[in-house]
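Engineer: One structure is given below, represented as structure tokens, and several questions about it will come after.
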Amino acid sequence: MSNLQIRRLDVHDADDSFALAQLSDPALTPDAWRSITAAAADQAGVIGAFSNRTVRAILQYSIVVNGGGERLFVIDGLAAFDLFDPTTTADALLAEARRQADISCSGLALSARLDGARINDVLRCAADTAVLHRVF
């Protein structure tokens with residue numbers, strides 16, 4: 001999908017993107033989603049991939065400060081739709097998340113609810129990037 005436009009969603013995009021958001025969180029309500037899309041960009045928000053006016057993918061993020069005082073760009077959710085292969089669309093959003101993290105934060109992180117469907121992906125990513133020390 002070469003004609004993708006990547007931009008931050010605002011409250012006017014909430015209704016058109018709600019179905020994608022609910023794929024990641026079936027308990028999400030329209031009002032809660034509107035609130036998420038209206039969040040201040042330096043605290044949280046949603047980045048969308050659009051084909052013409054149609055939202056094809058969304059990446060929900062939050063900005064947190066870790067114990068060392070570093071700002072982290074946390075990916076809270078990613079949902080992409082395509083009839084054949086959503087990978088290209090999702091990759092475009094992940095590239096934008098990394099770009100934004102490089103501009104305004106010290107790093108990029110992932111989050112997932114402990115009961116979330118993708119928790120194993122997050123745990124695998126954490127394990128792959130972990131630094132393990134052993135004394136004996």
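The values are calculated or read from the model by the stated rules, or taken from the named source; none is laboratory data. These numbers were taken from a predicted model, which means no experiment stands behind them. Reconstructed Cβ throughout: ideal geometry from the backbone, glycine too, with neighbour counts over all protein chains shown. The protein model used for the area step is the full one, side chains on, heavy atoms only, and it has no ligands, DNA or RNA in it. Shrake-Rupley method; radii C 1.70, N 1.55, O 1.52, S 1.80 Å.
Engineer: Suppose every Lys and Arg Cβ carries +1 and every Asp and Glu Cβ carries -1, with no other charges. What dipole size does the range 16-84 come out with about its Cα centre, to the nearest 20 debye?
Structural biologist: Charge dipole, the range 16-84, about its Cα centre: 140 debye, nearest 20.
Engineer: At 1.4 Å probe size, with the rest of the protein present, what percent of the exposed accessible area of the range 1-42 is carbon and sulfur atoms?
Structural biologist: Answer for the range 1-42 is 54 percent, counting heavy atoms of protein chains only.
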